[in-house]
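The values are calculated or read from the model by the stated rules, or taken from the named source; none is laboratory data. Here the structure is a predicted model, which means the values were calculated and not measured. Here Cβ is always computed from backbone atoms with ideal geometry, including for glycine, and neighbour counts include all displayed protein chains.
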Amino acid sequence: MAAPESILILGLGINNAPLLPYWAARGAQITVADRHDGVVDPKAQSVRWAVGPSYMEEALAHAPYDRIYLTPGIPPHHPDVQRLAAGAVLTCETDLFLSACPAPVLGITGSAGKTTTTTLLGAMLVEDGSRPVHVGGNIGRSLLASVDAIKPADWVVMELSSFQLELVTRSPAGAAVLNLSPNHLDHHRDMAEYAAAKARIFQFQGPDDFLVTDAAPPPLMAAALAQHRGQRDTVSLTGPVERGAYLDGRTMMWRPETGRTAIPVQTLDHWQLPGRMNVHNALVAMALALRAGADPGAVAAALAAFRGVPHRLEPVAVQGGIRYINDSIATAPDRTLAALEAIADRWGGQARGLVLVAGGYDKHLDYSALGRALAERARIVALTGPTGPAIADAIRAAAAPGTGPHLIGPLPFDEAVQAALQAARPGDVVLLSPASASYDAFRNFEERGQRFRALVAAHLDH
């Protein structure tokens, strides 16, 4: 009898937790290594636990392994990971799910807009109603735990981050790349490595698979796109495409094949989310849904009904002529720049009507473009976290002497928000759009956004 497969689960967060029952049911010898000792499950008696500050050293003591499942967020090139991986297959939960899933997967990646697009695509397929729909991935739900319930004819939709893609050896049957801008450079060694991780969403596609990209795709993906073996749809906000989805005036159009007449699907009069980026997200979701076989009427209905996702330009309150917006998802400068554009499109965006709360955990990103935009458009910027000084420096460098917004802080998060709330006046938009990750003060951007909501509610109650 062959020895049981030796599995190391390196990090037992939301993404990797389903690996434990999956491999336990298959008789594997499992070791779990995690920095946090709270992950230990007393019921999992056959599991070897290596937890606490020395978890890497303890995991090495149990080597060698056949497979190592790396949690998103630990770089594969980390020296301890490389020592553990000697003689093992270094892989991830996403690759296991893609191999085990009996249904074709529709996967979405990009630097911004993934959750909105994934959620909207799921809503389109649910509205179609012709088959069960499963939505998961980076959106906060691993689908591995329910893989045995998925049938070959089902629809499966996954949001996929660069962390989840960097170790995959297969691609979804339908894929989309929304955009590419600097992010997670505290994890990836440079933009080329970041782009290469994203490109794995289509790198292993075959002739029957399909990809959706912008009509002007990211230059860093040009080489990978040149090697793409599947079909390709494009989307455009500025006019017709040969095959795919595009905006014609205020109408979202779909052209299923080159040379075919495009059909209208929905108009912007029935689309509720602000900003051109969200229109782009809608076109991508539309292209994926229609290419996967969804009914155009169902897609149109889902577009009209969609109200967005929490923490993404989420309206919190309007009181006393002041509008309060939660955009905690903005964990990089390009997201905050997109928020400024969306606010200008939807709510006016007067040059001195913006009160911004920004700053947080440092992912080693460039704030110069954001500094130029804020120098022209913000009235007040309340700063927080390790990136607060860098954002302030970028604003000062861009503003002419005696001009630019009033800068507050850096202060702890609550104090920065309260200062912004107290400084707002009728006609202002108070916007939380940090241009930074949340890990300096919160577990995640959702917790940060919830705290902002609570501070706004407390301020308005007084």
message = Being outside any loop (DSSP other than H, G, I, E, B), within 25 Å of Leu460 (Cα to Cα), in contact with a Gly (Cβ under 6 Å, 6 or more places away or on another chain) and among the small types (Gly, Ala, Ser) is true for just one of Ala342, Ala317. Which residue is that?
response = Ala342
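To keep it simple, each residue is scored yes or no on (1) in contact (Cβ under 8 Å) with a residue 60 or more places away in the chain; (2) exposed (fewer than 14 other Cβ atoms within 10 Å of the Cβ); (3) under 14 Å from Ala382 (Cβ atoms); (4) not small (Gly, Ala, Ser).
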site	(1), (2), (3), (4)
Ala416	no, no, yes, no
Ala419	no, no, yes, no
Asp428	yes, no, yes, yes
Leu431	yes, no, yes, yes
Arg443	no, yes, no, yes
Phe452	yes, no, yes, yes
Asp461	no, yes, no, yes
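Yes/no per residue for (1) under 20 Å from Ile329 (Cα atoms); (2) at pLDDT 95 or above:
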position	(1), (2)
Gly359	yes, yes
Leu365	yes, no
Ala382	yes, yes
Asp393	no, yes
Ala398	no, yes
Asp414	yes, yes
Ala420	yes, yes
Ser433	yes, yes
Ser436	yes, yes
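Report, by residue number, each residue of segment 22-52 that is of a type in the set (S, T, N, Q), more than 19 Å from Ala3 (Cβ to Cβ) and either outside the structural domain of Ile74 (by TED's automatic domain parsing) or surrounded by 13 or more Cβ atoms within 10 Å (Cβ to Cβ) (or both). Quick ask: steps written out before the conclusion?
First pass over segment 22-52, keeping only residues of a type in the set (S, T, N, Q): 29, 31, 45-46.
After this cut, where a residue has to be more than 19 Å from Ala3 (Cβ to Cβ) as well, the list is 45.
The answer is none; no residue qualifies.
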First in segment 128-143 and farther than 17 Å from Met286 by Cα and touching a residue at least 12 places away in the same chain (Cβ under 8 Å), second anywhere and of a type in the set (Asp, Glu) and buried (at least 21 other Cβ atoms within 10 Å of the Cβ), Cβ under 9 Å, 6 or more apart = Gly136/Glu159; Gly137/Glu159; Asn138/Glu159; Ile139/Glu159; Gly140/Glu159; Ser142/Glu93
query = Can you name every residue in segment 62-96 that is over 20 Å from the mean Cα position of the chain (by Cα), crowded, with 17+ Cβ neighbours inside 10 Å and charged (D, E, K, R)?
reply = Arg67
task = Answer with yes or no whether Pro405 is surrounded by 24 or more Cβ atoms within 10 Å (Cβ to Cβ), at pLDDT 95 or above and closer than 21 Å to Trp347 by Cβ.
result = no
inquiry  = Please pick out the residue among Ala294, Ala285 that is outside any helix (DSSP H, G or I), not hydroxyl-bearing (Ser, Thr, Tyr) and not assigned by TED's automatic domain parsing to the domain that holds Gly404.
reply    = Ala294
query = Does Thr267 meet the test of being at pLDDT 95 or above, among the hydroxyl-bearing types (Ser, Thr, Tyr), over 19 Å from Thr109 (Cα atoms) and in the same structural domain as Asp154 (by TED's automatic domain parsing)?
reply = yes
query = Being without any contact (Cβ under 8 Å) to a residue 60 or more places away in the chain, surrounded by fewer than 22 Cβ atoms within 10 Å (Cβ to Cβ) and in the same structural domain as Ala437 (by TED's automatic domain parsing), is that true of even one residue in segment 338-347?
reply = yes
inquiry  = Checking the conditions here, which among Tyr361, Tyr367 is crowded, with 19+ Cβ neighbours inside 10 Å, of a type in the set (Ser, Thr, Tyr), within 25 Å of the chain's Cα centre (by Cα) and assigned by TED's automatic domain parsing to the domain that holds Gly409?
reply    = Tyr367
request  = For Ser146, indicate whether it is under 26 Å from the mean Cα position of the chain (by Cα) and surrounded by fewer than 21 Cβ atoms within 10 Å (Cβ to Cβ).
outcome  = yes
Residues that are more than 23 Å from Thr213 (Cα to Cα) and crowded, with 21+ Cβ neighbours inside 10 Å, drawn from segment 149-167 = none
